[in-house]
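See below for the structure under consideration.
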Amino acid sequence: MFTDYHTHTPLCHHAQGWPRDYAQAAVERGLDELGLADHSPMPARLEPFDDWRMSLADLPRYFEAVEEARAAFPQLPIRLGLEVDYLPGHEAWIEELSGMARWDYLIGSVHYIAPGWDIDNPAHISRFESGSVEEIWDLYFKALEACVRTRAFDFIAHPDLPKKFGHRPQGDLRRFYEPVIAALAETGTAFEINTAGLRKPAGECYPDALFLHLAHEAGARLLINSDAHAPAEVGANFDDALALAKAAGFTELVRLAGRQKQLVPIA
């Protein structure tokens, strides 16, 4: 039943294991499909943009590595994807990226809420401690809604990423969640349960149970992914994620191929 479409390679400079290593892990863990989705390059004029993404020159090697995995494990469907940062003003680049390969899916994600401030980077954790958590969450979720409304992406990644280091605003978090969930439902964009949150100080999957319940009520579609940065993390904690999905009322998961969605019943 399970697929894992959110995995990374050494080309992003903070992951271990090549696609064929991830494929080996997927076969050993009984996954039905595997997808690779490394961090997208930026235009050559902006490189180096940061130290945790592929360069544009590395994109051909990325395609080769995925093909090597497909050749080594012909029994396993291996999907080609990309995790694309949404940055206001870069919509034309996102469109250009979408035409660079026969992608099976593009993941939309928000890491930057201001120039030079990627909120999940430990180097910036002091900004949570000295700044306003409320303001950080507000900026992030407004950017995430804009990301969804581009309709450029097949699903979005780690929807409540600002909690990574354990920082949450006071009160009912619906004020952040509901605009994004409405955008998901209106655009037909799916979202993921991302188990990497269990491996971070947050200590829980992205997103939380409230987001999941609201998303189910709105009719949004769901995937389960690991955000693996090493083969040992492929399929990690999927039973926990599945329990969360069922508790929220989900009965189907999304599969992707050629940027087309298929709904598969949860066993």
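The values are calculated or read from the model by the stated rules, or taken from the named source; none is laboratory data. Given the structure is predicted, the values throughout are model-derived calculations rather than measurements. Here the Cβ positions follow ideal geometry from the backbone for every residue, glycine too, while neighbour counts run over all protein chains shown.
What are the pairs with Cβ atoms under 9 angstrom where one residue, in segment 240-251, is closer than 10 Å to residue 208 by Cα and the other, located anywhere, is in a helix (DSSP H, G or I)? Sequence gap at least six, or different chains.
Listed by first residue and then by second, the contacts come to 244/209; 244/212.
Checking residue 53 against (1) surrounded by 16 or more Cβ atoms within 10 Å (Cβ to Cβ); (2) over 25 Å from residue 232 (Cβ atoms), which test does it fail?
(2)
Looking at segment 113-127, which of its residues are out of contact with any helix residue (DSSP H, G or I) (no Cβ under 8 Å at 6 or more places or on another chain) and either free of Cβ contacts under 8 Å to residues at least 12 places away in the same chain or outside any helix (DSSP H, G or I) (or both)? Outline the logic, then answer.
The first filter runs over segment 113-127 and keeps only residues out of contact with any helix residue (DSSP H, G or I) (no Cβ under 8 Å at 6 or more places or on another chain), leaving 115-116, 121-126.
Once the filter is applied, which keeps residues that are out of contact with any helix residue (DSSP H, G or I) (no Cβ under 8 Å at 6 or more places or on another chain) and either free of Cβ contacts under 8 Å to residues at least 12 places away in the same chain or outside any helix (DSSP H, G or I) (or both), segment 113-127 yields 115, 116, 121, 123, 124, 126.
Could you grab me the full set of residues in segment 154-212 that are surrounded by fewer than 18 Cβ atoms within 10 Å (Cβ to Cβ) and of a type in the set (Val, Ile, Thr)?
Within segment 154-212, just 187 meets the criteria.
Take the residues of segment 67-89 that are outside any loop (DSSP other than H, G, I, E, B) and more than 18 Å from the chain's Cα centre (by Cα): which is surrounded by the most Cβ atoms within 10 Å (Cβ to Cβ)? Talk me through it step by step, then tell me what you get.
Keep residues of segment 67-89 that are outside any loop (DSSP other than H, G, I, E, B), which gives 67-72, 78-85.
From what's left, more than 18 Å from the chain's Cα centre (by Cα): 67-72.
On the way: 67: 13, 68: 15, 69: 21, 70: 18, 71: 10, 72: 15.
Selected residue: 69.
Conditions first: (1) in a loop (DSSP other than H, G, I, E, B); (2) under 16 Å from the mean Cα position of the chain (by Cα); (3) not hydroxyl-bearing (Ser, Thr, Tyr). Residue 196 passes all but one, so which condition is the exception?
Unmet for residue 196, out of (1) in a loop (DSSP other than H, G, I, E, B); (2) under 16 Å from the mean Cα position of the chain (by Cα); (3) not hydroxyl-bearing (Ser, Thr, Tyr): (1).
Looking only at segment 136-158, how many residues end up being among the acidic types (Asp, Glu) and part of a loop (DSSP other than H, G, I, E, B)? Walk me through it before giving the result.
Of all residues in segment 136-158, those among the acidic types (Asp, Glu) come to 138, 145, 154.
Those still in the list that are part of a loop (DSSP other than H, G, I, E, B) too: 154.
Adding up the residues that qualify gives 1.
Return the residues of segment 20-41 that are farther than 20 Å from residue 238 by Cα and either modelled with pLDDT under 95 or part of a helix (DSSP H, G or I) (or both); say none if nothing qualifies.
20
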